[in-house]
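The values are calculated or read from the model by the stated rules, or taken from the named source; none is laboratory data. Quick caveat: nothing in here was measured; it's all calculated off a predicted structure. Note that we place each Cβ from the backbone using ideal geometry, even for glycine, and neighbour counts take in every protein chain shown. All accessible areas refer to the heavy atoms of the entire protein, side chains included, with ligands and DNA or RNA removed. Shrake-Rupley method; radii C 1.70, N 1.55, O 1.52, S 1.80 Å.
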Amino acid sequence: MTPFFQSLGMSYDWAWFVSTICGILLIALPLMLAVAMIIYVDRKIWAAMALRRGPNVVGPFGLLQSFADGLKVFLQETIVPSAANKGLFLIAPVVTFTVALMAWAVIPFNSNAILADINVGLLYVFAISSLGVYGTIMAGWASNSKYPFFSAMRASAQMISYEVSIGFILICVVLWAGTFNMNGIVLAQKGHLFGIINGFVFNPLLFPMWVLFLISGMAETQRAPFDLTEAESELVAGYQTEYSSMAFAAYWLGEYANVLLMCALNATLFWGGWLPPLDIPVLYLVPGFVWFLLKVFFFFFVFSWVKATVPRYRYDQLMRLGWKVFLPVSLLFVVIVSGYLMATGHFA
Amino acid sequence: MIHVIAFYLFAVMTVGSGAITILARNPVHSVLWLILAFFNAAGLMVLTGAEFIAMLLVIVYVGAVAVLFLFVVMMLDIDFAELRAGFVRYLPFGALVALVLLAEIVLGIGAYRAGSLDLGTPDGTAAAGTGLSNIEAVGALLYSRYLFLFEAAGVILLVAMVGAIVLTLRQRSGTRVQNIRKQNMRRPDEATVNVKPESGKGVQL
C-alpha cells in the first residue's frame, strides 16, 4: 500500500507509516468482527450437537447475540477486588488481548496480503504465542484469590509443556519448506504430493505432525478437552473469576482470537494456506483469501466439534500426554524428517 | 528518522525497566519488569538487523525462562522485613561488586573506543554483511566452523539436565503410582456392577 500513499504526495516515511496503520486496522477490525461471529458459531455448533437451539432471539437466527452480549458487558461496572494488585489486575486482560492480535501480523491472507512479510515469520508466531501465558499468570496472581491462582498455575504449566512439542513440530515443517517466512512455507506446499495436491498434510511423514499440532493447539489455547484452567466444577471460572465487565470481555475475545489464530496456523502450515486444495489453474480463479478463510472456518468447526464431544482430561493425563507422548514422538519425527530429507538430497 | 525514535524508545525502556527490576519492592513486579527489559532488548536486536537473535531472546527468555522465574517467585512467601535485615551486613560486599562492575564497564568502553575490539567499529557502523539472511548465516557458521563447540554445548546442557533430574528424583516406597496402561485397558463392564437392591436393604459390594 506504500506506493499508493506515496502517489498521494506523501514522503516515503509517512506513506509507510500510514499504510502500516491501515494494514493493522484492516486486519484487527475484521478480526474482531470475526471473533464476535465465531462465538455465535461456536455456541450454535455446540447447541446443535447437544440437540438444543442455541442463541436464536437477538436478530435474525440470533446473529446479533454476540453484539448484544458485548453491549451488556460494556455497560456493566468494572469491579476491582479490594485485595487485588490493582495495576497488574487491570493490565492483565490488556496483555492477553494485545498478544492475541499481535501474531496476526505475519499470517498470509493471500499471496500479497500480509502485513509484515518478515523472514523469521514462524519464529515470530512462536514467540508471540509463548507470551500468551503472561496475561493468564498475571490475572491469577493479581486477583489475590485462590481459584484464579490455581488456574494460573495450571495454565502456565500446560502452555509451557505443549509449546515444547509445538516447537519440534514447527521444525519439521520448516525443514521441509526450507524457510521461516510464512509466505515461503505456503508456496513450498504448492503441488506437494504428485505435483497436484497442495499441502504438507498429505505427506505421510508430516501427517502425524499435523495431528499432534492440532491437539497441541487445543492444549495451547486451553480449549476443551484441555480446558482445565477454567474447569468450572473445580475452579469457579478459572483465572478470570474476579473479572467483570470489559476486562472479562477482553479475556473472552482474546481467547477466541487465539483459537482463530491456531486454526489459521493449521491452515497455513499444513493445508496450504491461501492455495486451493488442488494445483489446477481453474481453482486459482477463486481469490486466495476465500480458500484461506474456508480452511480457517473448517478448523474452527473441528475445534467446536471436539469441545462438544470430548470429555475433559485429568491434569496428570494432560501432563503425561504432553511430556511422555507428544515430546518423544515429535522429537523422533524431527530425526526421521531430517534424515529423509538428507537421504533424498532435499537440501542439495 | 523512525529508526532513531525506535532506538531511543527501546533503549530508554530497557534501561528504565532494568532499573525498576532491582528497585521494585515486590519480587513478582521485579520479574515482570525484567520481562519488559528482555522485550525491549529484543527490539534493539531487531533494529541492528539481528531479527533471529531477537526472536530467540523472546522465545527462550521471555517465553520459557521468565515464566519459570515467575512461577517460582509467585509461590514463594517472602518476608520483606527479614530480607532488609541483612542489608547493612552485606553492604561492603555489595559495594565491592558494584565497584568491580563499574571498573569493567569503564575498561570495556575504553577498550571499545580504542578500537581494539572486532565486533564493529568505534564510529558505530556494523561489520560488513555477507548477503545471507540471519538464520542462514548463523546456521552456516554454527554447523561448519563451530560444530564441535556447538555439539559440546549441547552435551553439557544434557549433562546438566540429567544432573538436575538425578538431584531431585528420589524413590519413595509406599506411594501409590497410577498405571496409565492399566487405566486405559479398563472397560466399563469390569469397573461397574449393576445391582438391583430390594427396598430397605443395602448393597453388599
**Fill in**
The answer for the protein assembly as shown, accessible area per residue at 1.4 Å probe in Å², is 57
**Message:** What's the total accessible area buried between chains B and A, using a 1.4 Å probe, rounded to the nearest 100 Å²?
**Reply:** 2400
**Request:** Mind running the shape call on chain B? Use the C-alpha gyration tensor, a ≥ b ≥ c as the square roots of the eigenvalues: rounded below 1.5 for a/c, prolate if a/b tops b/c, oblate otherwise.
**Result:** prolate
**Normalised convex hull volume, the protein assembly as shown, alpha-carbon set, Å³ per residue** = 265
**Asked** How much of the accessible area of the protein assembly as shown, in percent, comes from carbon and sulfur atoms when a 1.4 Å probe is used?
**Response** 70
**Request:** Once every Cα of segment A:1-116 carries one equal point scatterer and solvent is ignored, give the base-10 log of I(q)/I(0) from the Debye formula at q = 0.09, 0.10 Å⁻¹, two decimals.
**Result:** -0.44, -0.53
**Prompt:** Mean separation of Cα pairs under 8 Å and 6+ residues apart, divided by the residue count of segment A:237-341: what relative contact order is that in percent?
**Reply:** 21
**Request:** Summarise the partner chain shielding of B:52-60 as one whole number: the mean count of Cβ atoms from other chains within 10 Å of each residue's Cβ.
**Result:** 5
**Part-to-part distance (alpha-carbon centres) for segment A:215-265 and segment A:318-342, which is given in Å** = 27
**Complete:** Note to self: C-alpha centroids of segment B:144-205 and segment A:67-132 sit apart, in Å, by 35
**Prompt:** Of the lysine pairs in chain A, how many meet both conditions: Cα atoms under 30 Å apart, and a spacing of 8 or more in sequence or different chains?
**Reply:** 12
**Prompt:** Per residue of B:44-51, how many C-beta atoms from partner chains lie within 10 Å of its own C-beta, taken as a mean?
**Reply:** 1
**Request:** Please give the calculated 222 nm ellipticity per residue for the protein assembly as shown, where each DSSP H segment of at least 4 residues contributes -39500 (n - 2.57) and the sum is spread over every residue; nearest 500 deg cm²/dmol?
**Result:** -21000 deg cm²/dmol
**Fill in**
For the pair B:ALA98 and A:TYR284, the simple spin-label estimate (label points 7 Å beyond Cα toward Cβ) gives in nm 6.7
**Request:** Return the whole-Å distance between the Cα centroid of segment B:95-110 and the Cα centroid of segment B:11-71.
**Result:** 23
